[in-house]
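I'd like to ask you about the structure that follows.
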Amino acid sequence: MKLTERALRAALWLASWAIYHNGIHADWAYEKMQRPRTWLTLAANLANYFSRRPRVHRMFGVVVEPVFGCNLRCQGCWGAYALAGRRPTHMPWRLFEEVVDQTPSYVETITFSLMGEPLMHPRLHEMIAFAADRGFRTIVFTNGTLLTGDALIRIAQSPLAVLNVSVEPDAESSHEFRGVDLAAVRRNVDAFLAAKRSETQVKLSLVAHSGNYERLGRVWEQWAGVVRHVKISPRMGTNFEAGGPGPLCMEPWRGNLNVFTNGDVSPCCFDYFAELAIGNLYRQTLEEIVQGEAYRDLMAGLLAGQAPQRCVQCTEWKAEGVPLRAPKRPARRPSKAS
């Protein structure tokens with residue numbers, strides 16, 4: 001590891017402790033932030049959050065939803081909700097081109113993820129190449145079950161920076177919560193590691209919940225010598241009976257824009273109904289959305305303790321040692337006049 005990389009990782013480890021009270025997020029921050037100007041963008045955005053200003057300095061990252069749909073129905077995942085027919089299954093190629101062409105050069109990474117399995121898109125490898133050709137580092141999140149055959153070869157040969165494979169900690173929990181043979185996923189990962197370009201990293205992503213929390217430590221035993229980096233984040237959920245002003249979530253202030261298959265843009269990666277959409281790329285540009293009134297109104301409402309119902313209902317599973325996806329602070333109570 002080069003001296004500059006060690007210094008960057010050390011600084012991110014300290015920042016992770018300052019914000020999340022642990023260093024787990026340091027590697028995942030480094031995945032998205034390897035340029036000083038990216039750090040400055042995020043720092044400026046979070047300064048607005050901590051000083052309670054309803055604006056972002058500028059875009060930090062872009063997440064693309066190539067597919068709205070999945071080949072699995074994991075317990076507790078978004079597939080448990082009635083989402084069918086809400087938006088197109090595949091992102092149209094022309095819309096994807098618009099996303100990439102409108103993403104400013106100061107944005108470092110484009111991630112393929114959100115409410116679906118990216119490998120179900122037949123042109124995912126072309127999407128990766130298109131974004132990489134324009135100077136963006138590309139990241140894919142996948143459940144790993146479709147990483148076989150021609151799809152594996154195409155993705156392995158693409159200019160992909162990071163492949164994140166989402167798994168359960170052991171075979172039992174994989175069968176119970178995902179209906180997936182973990183050994184088969186392991187074989188797919190092994191095959192990908194043998195075929196991939198040298199610069200492509202492979203990491204694991206785990207979602208912690210009450211059913212697998214006691215087994216999380218097993219993942220390092222199961223995957224020793226295969227992958228070096230494991231991300232653990234809490235399961236996101238919805239409490240439809242929740243009320244009140246809701247907490248002040250950091251997520252809208254990061255400047256990370258999520259683009260769905262229908263062109264809707266949301267600052268929240270868990271906005272599966274797109275209820276927090278602040279614009280649509282068929283009607284506005286990304287820059288117009290970032291600087292637009294809808295974005296400012298969303299943040300101003302959160303600051304005033306008048307969070308949208310979607311935010312009020314949002315929950316994160318909590319346990320010792322599991323870092324929150326987006327730390328939250330108490331919001332101001334709405335005034336009687338409001």
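Which whole-number value in Å² is the accessible area per residue of the chain, probe 1.4 Å?
44
Check GLY69: other-chain or 5+ apart residues with amide H under 5 Å from its amide H, H built from backbone geometry?
Sorted by chain and number, the residues that satisfy this are GLY116, GLU117.
If you only keep lysine pairs separated by 8 or more in sequence, or across chains, how many in the chain come under 15 Å at the Cα atoms?
Lysine pairs meeting both conditions in the chain amount to 4.
Ignoring everything but the protein chains, give the 1.4 Å probe accessible area of THR315 in square angstrom, nearest 10.
50
Another question about this same structure. Kindly give the semi-axes, whole Å and largest first, of the ellipsoid equivalent to the chain, taking each as the square root of 5 times a Cα gyration tensor eigenvalue.
30, 23, 22
If you average the C-alpha positions of segment 271-330 and of segment 107-165 separately, how far apart do those two centres end up, in angstrom?
First find each Cα centre; the distance between them is then 26 Å.
Still on this structure, please answer the following. Among HIS57, HIS121, what's the order by accessible area (1.4 angstrom probe), most exposed first?
HIS57, HIS121
DSSP loop (so not H, G, I, E, B), at most 13 other Cβ within 10 Å: list which trypsin sites (Lys or Arg not before Pro) in segment 235-323 pass both filters.
When the trypsin sites (Lys or Arg not before Pro) of segment 235-323 are filtered for loop state and at most 13 Cβ neighbours within 10 Å, ARG283, LYS318 remain.
Can I ask one more? So for segment 128-169, what percent of the C-alpha to C-alpha distances run longer than 18 Å?
Summing the P(r) of segment 128-169 above 18 Å gives 28 percent of all pairs.
Okay, next question. Starting from 0 in steps of 5 Å, tell me what percent of the Cα-Cα pairs of segment 128-230 lands in each bin.
Computed distribution, short to long bins: 2, 13, 23, 24, 17, 11, 7, 3, 0.
Counting each DSSP H run of 4 or more residues in the chain as -39500 (n - 2.57), what helix-only mean residue ellipticity at 222 nm follows after dividing by all residues, to the nearest 500 deg cm²/dmol?
Estimated from H runs of four or more residues: -10000 deg cm²/dmol.
Rounded to whole Å and sorted largest first, what semi-axes of the equivalent ellipsoid does the C-alpha gyration tensor of segment 163-203 yield via the square root of 5 times each eigenvalue?
Whole-Å semi-axes of the equivalent ellipsoid: 23, 10, 6.
May I pose another question? Which of the trypsin sites (Lys or Arg not before Pro) found in segment 107-196 are loop residues per DSSP with 13 or fewer other Cβ atoms within 10 Å of their Cβ?
Of the trypsin sites (Lys or Arg not before Pro), the ones in loops of segment 107-196 whose Cβ has at most 13 other Cβ atoms within 10 Å are ARG134.
Could you give each residue of segment 270-277 its phi-based ³J(HN,Hα) in whole Hz, using Karplus coefficients 6.51, -1.76, 1.60 with θ = phi - 60°, and x for Gly or Pro?
10, 8, 5, 8, 6, 6, 9, 4
Going by amide H atoms built from the backbone, whose H comes under 5 Å of the H on ASN256, apart from near neighbours?
Those lying under 5 Å, H to H, from ASN256 are PHE60, GLY61.
Then there is this: If I model segment 39-187 as equal point scatterers sitting on the Cα atoms and use the Debye formula, what is log10 I(q)/I(0) at q = 0.10, 0.18, 0.20 Å⁻¹?
-0.43, -1.11, -1.22
Let me ask something additional. With the alpha-carbon atoms as the only input, what is the per residue convex hull volume for segment 98-140 in Å³?
70
Can you sort GLU320, GLU97, GLU126, GLU65 by 1.4 Å-probe accessible area, starting with the largest?
The residues order as GLU320, GLU126, GLU97, GLU65, largest area first.
If you don't mind, there's one more thing I want to ask. So what are the three principal axis dimensions of segment 190-313 from its Cα atoms, in whole Å, longest to shortest?
49, 35, 21
With every protein chain kept in the model, how would you rank LYS2, LYS328, LYS32, LYS203 by accessible area, 1.4 Å probe, largest at the top?
The ranking, largest first, comes out as LYS2, LYS328, LYS32, LYS203.
Enumerate cysteines in the chain without a disulfide-compatible partner, where compatibility requires another Cys Cβ under 4.7 angstrom.
Cysteines of the chain left without a disulfide-compatible partner: CYS70, CYS249, CYS268, CYS269, CYS311, CYS314.
Moving on to the next point. Let me check I've understood the local charge: for THR315, count other residues with C-beta under 12 angstrom from its C-beta, Lys and Arg +1, Asp and Glu -1. What total comes out?
+3
The values are calculated or read from the model by the stated rules, or taken from the named source; none is laboratory data. Quantities reported herein were computed from a predicted structural model and do not represent experimental measurements. Every residue, glycine among them, receives a Cβ derived from its backbone with ideal geometry; neighbour counts consider all protein chains shown. In case anyone asks, the SASA skips ligands and DNA or RNA and just uses the protein heavy atoms, side chains included. Shrake-Rupley method; radii C 1.70, N 1.55, O 1.52, S 1.80 Å.
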